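What follows is a short report on a single structure.
The values are calculated or read from the model by the stated rules, or taken from the named source; none is laboratory data. The shown structure was predicted, so the numbers you read here are calculated from the model rather than taken from an experiment. Here the Cβ positions follow ideal geometry from the backbone for every residue, glycine too, while neighbour counts run over all protein chains shown.
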Amino acid sequence: MDLRGVRCPLNFVRAKMAVGRLTVGEELELLLDEGEPADSVPRALREEGQAVLAERAQPDDGVVRVLVRRMV
């Protein structure tokens, strides 16, 4: 799910809704901007009980890829 350019907290709201549509155990890759979005969205998803499996920064384009697994 491409959330580049989406400001906080709307990027978290959209990510939470997308993860909520998954079945438990399914995974979703999020594309986030570097900085606050890449820090706050994964943290908030963990606080919601989801598993953040990987976070990979792409320094050449300012994108952070986050892999989330629905746990609850």
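Data for the structure
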| item | result |
| --- | --- |
| Counted residues, the range 4-27 - those being farther than 14 Å from Leu45 by Cα and in contact with a helix residue (DSSP H, G or I) (Cβ under 7 Å, 6 or more places away or on another chain) | 1 |
| Tally, over the range 32-50, of residues that are closer than 15 Å to Leu3 by Cβ and either surrounded by fewer than 17 Cβ atoms within 10 Å (Cβ to Cβ) or modelled with pLDDT under 95 (or both) | 6 |
| Residue check for Leu53: surrounded by fewer than 13 Cβ atoms within 10 Å (Cβ to Cβ), out of contact with any Gly (no Cβ under 8 Å at 6 or more places or on another chain) and of a type outside the set (D, E, K, R) | yes |
